[in-house]
Structures are given as structure tokens and as C-alpha cells.
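The values are calculated or read from the model by the stated rules, or taken from the named source; none is laboratory data. These numbers were taken from a predicted model, which means no experiment stands behind them. We place every Cβ from the backbone using ideal geometry, glycine too, and count neighbours over all the protein chains shown.
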């Protein structure tokens with residue numbers, strides 16, 4: 001078994017045409033080859049569900065049977081197991097797959113495998129040796145994905161580590177990004193092909209559980225969780241940039257909130273310079289998407305309620321026109337943020353920094369979890385009394401505390417095995433959502449004041465204020481119920 005470690009970048013046609021002139025490639029003779037790949041799966045997509053790839057690749061006159069475990073791409077990085085042997089298309093002998101679980105799966109579906117889609121591209125490859133002991137293949141792939149009658153362009157760079165450390169791979173990636181607009185690719189070729197085959201409208205991606213275990217080093221768990229957060233974010237990039245559906249912006253912001261929450265949870269174990277450098281960058285990026293999210297919520301939830309309450313008011317018509325203009329402008333700002341070179345570089349720089357964090361002396365995750373959760377719970381309890389009043393800022397601080405507690409519980413679900421966890425997590429989520437609704441109404445008052453200053457919007461302002469007041473008793477009730485619950489990580 002070999003472990004394939006590579007970074008994938010997407011790039012424009014113009015950048016692809018300029019690549020050969022890059023100083024890093026000066027004096028290096030490229031190797032050019034046509035690669036035709038046929039991917040196989042069962043009729044019901046069993047291999048895709050199990051995140052295993054089987055393909056036949058034609059290289060000149062040679063055919064190679066390849067099996068890969070499909071890794072999640074985070075910051076463009078893919079690390080996965082790979083097995084490859086010569087073969088003949090349509091014949092499947094998995095004798096060389098030494099992972100017994102993967103081999104058992106492949107043997108069980110061998111007779112059901114059929115061609116699913118094809119990729120056909122020209123690979124122009126340079127073998128780079130930037131430092132002693134470091135060897136990296138830089139491959140420029142240009143061609144097509146063909147899935148039934150549908151096609152999609154392939155245009156990407158792969159940096160594959162042949163010798164050296166992962167950090168060496170990221171150094172080279174950073175050197176390329178310094179002079180070329182390259183964006184870390186969020187999906188593998190096979191993943192893109194499956195989406196093309198489905199021929200379904202894109203759907204916003206939600207967070208997936210992070211595969212952590214109690215015996216893992218605490219920083220190792222942080223690494224797994226933050227890379228999952230990056231994958232969550234990148235799986236919504238295309239939707240933010242190419243769609244007007246609000247859920248893509250929402251999920252992109254959730255991914256960044258979860259990432260920043262993880263940094264806060266692990267802050268005592270992280271280098272001070274790491275947090276000081278990256279937290280403001282992620283906070284700034286999230287803010288650029290925050291305005292779009294606020295206007296999406298206002299248009300989808302608050303404005304219809306105002307129209308119902310004021311069916312004959314011209315103020316709501318003016319408010320609607322204003323909010324639509326502001327929403328369109330903020331959506332363009334969000335797209336610019338995710339298409340920017342700063343964002344592309346942040347993905348690479350952050351991924352490299354996360355992978356480079358030392359694990360020594362941080363202890364196992366199982367010992368870290370109770371201390372971390374107790375700290376988050378104390379913060380909730382400390383902030384609760386002030387949030388019961390009319391102080392908008394106090395409610396926001398409590399909301400942030402509940403978010404961090406909720407995300408910590410979700411991160412640590414594989415560790416906190418207790419009967420009371422589902423109910424406790426549901427109560428936490430319900431309070432976060434209620435506080436979110438109160439926050440949305442407070443933000444809506446600010447938006448309404450900006451759109452209808454002075455006396456024009458007084459009635460709408462009063463209605464929104466009354467809506468906030470009507471939710472305060474429910475907040476008090478849910479907080480009282482929550483504080484009487486036993487923390488599941490303290491259950492015997």
C-alpha cells in the first residue's frame with residue numbers, strides 16, 4: 001500500500017497557459033501524456049458511499065487498476081491510501097489491497113462493478129527538486145469529465161509529494177501562489193464526476209461528524225476537526241459564488257463559526273502566535289459573509305411578518321426595495337471574498353499551520369474533553385442572568401457562549417457516551433436558536449432604522465420591539481430548564 005499525498009489547485013485557462021513560464025519550472029523538461037480513466041461502481045453507488053474509488057487508467061499502451069480510499073479535501077490537501085497494479089479493463093483482482101476492510105468490500109461487490117464515468121485529460125508533468133531530499137511532481141491536467149451525455153472541464157494542478165515532508169509540499173504551494181492565482185480545489189475529479197452524473201441542482205453541504213477518539217492526542221483531534229471545518233466551508237464555495245440560494249452563505253458561515261469555536265476551545269494548547277494570526281483572518285472573512293446572511297434572514301423571515309402585520313403600509317414596500325438592493329450588494333461582496341487571492345492563500349497557509357502543530361505534551365483527548373466542556377458550561381451560567389434583561393449585547397454574549405458549548409458537544413460526541421447527551425444537546429441547540437431569533441430581531445430593528453429613518457419606521461420599530469419582548473419569557477423558561485439538567489459528561 002502506498003499513501004498518496006497531494007495538493008490540488010483549480011486555475012483559469014489563462015493561468016494554465018502561463019504555468020510553463022513560472023521560474024520554478026525553469027530548466028525542467030516536462031513529460032506530456034494522455035490519460036484515459038474509467039471509474040467503476042455498483043449500480044446503487046456502494047463504493048461512493050463507502051468512499052472507495054476503483055478505476056482503470058490507460059497510460060500509453062499500459063492499463064493500470066487503481067484502488068483509492070477517497071479522502072476529504074481540506075485546503076486542497078488529499079492524503080489517502082492507494083493500490084495500483086497492471087491489469088485488463090473489466091477484470092478485477094484485488095490481491096494487492098492489504099487493507100482487509102477495503103479488500104473485503106471490493107470482493108463483495110466485484111461482480112456488480114460497472115463503468116460509471118470517464119475522465120480524459122492531457123497531463124503535463126514536471127519533476128521538481130526544490131531542496132535536497134524533496135521531490136514533488138507538479139502536474140497540469142486539462143481535459144474533460146464525461147458522465148453519460150454530460151461533460152465538465154478539467155483544469156487543475158496537482159502537487160504530489162514523492163519524497164520529503166508535507167511541510168515541503170506546502171512551501172512549494174505557497175511559492176506558486178505568490179505569483180499565480182491558484183485556488184485550493186474542494187473536490188476530487190471522481191467527486192465532481194459523481195455530481196455531474198447525478199445532474200441535480202447543487203445543494204448546500206452541512207457539517208459532517210469529525211472522526212475523533214479519546215486516545216488521540218488533543219492537538220491531533222484539533223487537526224482533524226479543523227480540517228473537517230475547512231472541507232465544510234469549501235464544499236459551499238461554489239454555491240456562494242454561483243447561486244442565490246441563502247443556505248450556501250449560511251453553511252459557509254457555520255463552517256467558519258465552527259472553525260473559530262474549535263480555535264477557542266483549544267486555545268490553551270495552541271501556540272499564541274497561531275491564534276493571534278489566524279483568528280482575526282477568519283473573523284474578517286466571516287464578517288464579509290455576515291451582511292449577506294443578515295439580509296437573507298431579513299428578507300426570508302422578518303419582512304413577511306412585517307407585511308402581515310402592516311398589509312396596507314407603503315413603508316414595507318420601501319423596506320422591501322431597500323433590503324433587496326442591500327442583499328444583492330452584500331451577496332456580491334461575499335462572492336468577491338471567496339474568489340479573492342487572500343482567501344485562497346489563507347486556505348493553504350492555515351492548512352499548513354494546522355498540520356505543523358506539535359502534538360507532544362498535550363495529553364489525550366479524553367482528558368481534555370471534560371475540562372473543556374466544564375469551562376464552556378461555566379461561561380454559559382455566568383452570562384445567563386444578564387441576558388434575561390433588555391441588554392441586546394448581553395444576549396449576544398450568551399448566544400456566543402451557547403454556540404461554543406453546542407459545537408464542543410458536537411465535536412466530542414464520539415467521546416461523551418452518555419444517555420443524557422441527546423437531550424442535553426437538543427436543549428443547547430434550542431436555546432442557541434432562540435437567542436439567534438432574538439438577535440435577528442435586534443438586527444432587523446437596526447436595518448429598518450437605516451432604511452426608514454426618523455418617524456417613517458416608528459411603527460415597524462415598535463412591532464419588532466414587541467416581538468423581542470414576547471420571546472423573553474420563553475428564554476427565561478428554557479434557561480431555567482437547562483440549568484436544572486445534569487451535564488452528560490458528569491453522568492456516572
Item checked: Selection from the range 154-182 of residues that are under 23 Å from the mean Cα position of the chain (by Cα), within 20 Å of residue 123 (Cβ to Cβ) and not in a helix (DSSP H, G or I) -> 154, 155, 156, 157, 158, 159, 160, 182
Check: Is it the case that some residue within the range 195-203 is in the same structural domain as residue 77 (by TED's automatic domain parsing), at pLDDT 95 or above and either buried (at least 19 other Cβ atoms within 10 Å of the Cβ) or assigned to a helix (DSSP H, G or I) (or both)?
Finding: no
Checklist line | Residue list for the range 400-414, restricted to those being surrounded by fewer than 22 Cβ atoms within 10 Å (Cβ to Cβ), touching a helix residue (DSSP H, G or I) at 6+ places or on another chain (Cβ under 8 Å) and outside any helix (DSSP H, G or I) | finding: 413
Next item on the list: Among residues belonging to the range 52-74 that are in contact with a helix residue (DSSP H, G or I) (Cβ under 9 Å, 6 or more places away or on another chain) and not in a strand (DSSP E or B), point out the one that is modelled with the lowest pLDDT.
Entry: 73
Notebook entry, point to check: So is residue 148 touching a helix residue (DSSP H, G or I) at 6+ places or on another chain (Cβ under 8 Å), exposed (fewer than 15 other Cβ atoms within 10 Å of the Cβ), modelled with pLDDT under 95 and over 27 Å from residue 341 (Cα atoms) or not?
Noted result: yes
Notebook entry, point to check: Filter the range 387-399 for residues that are within 11 Å of residue 442 (Cα to Cα) and touching a helix residue (DSSP H, G or I) at 6+ places or on another chain (Cβ under 7 Å); which is surrounded by the most Cβ atoms within 10 Å (Cβ to Cβ)?
Noted result: 395
Checklist line | Criterion (over 24 Å from residue 337 (Cα atoms) and without any contact (Cβ under 8 Å) to a residue 60 or more places away in the chain) met by exactly one of 224, 254 | finding: 224
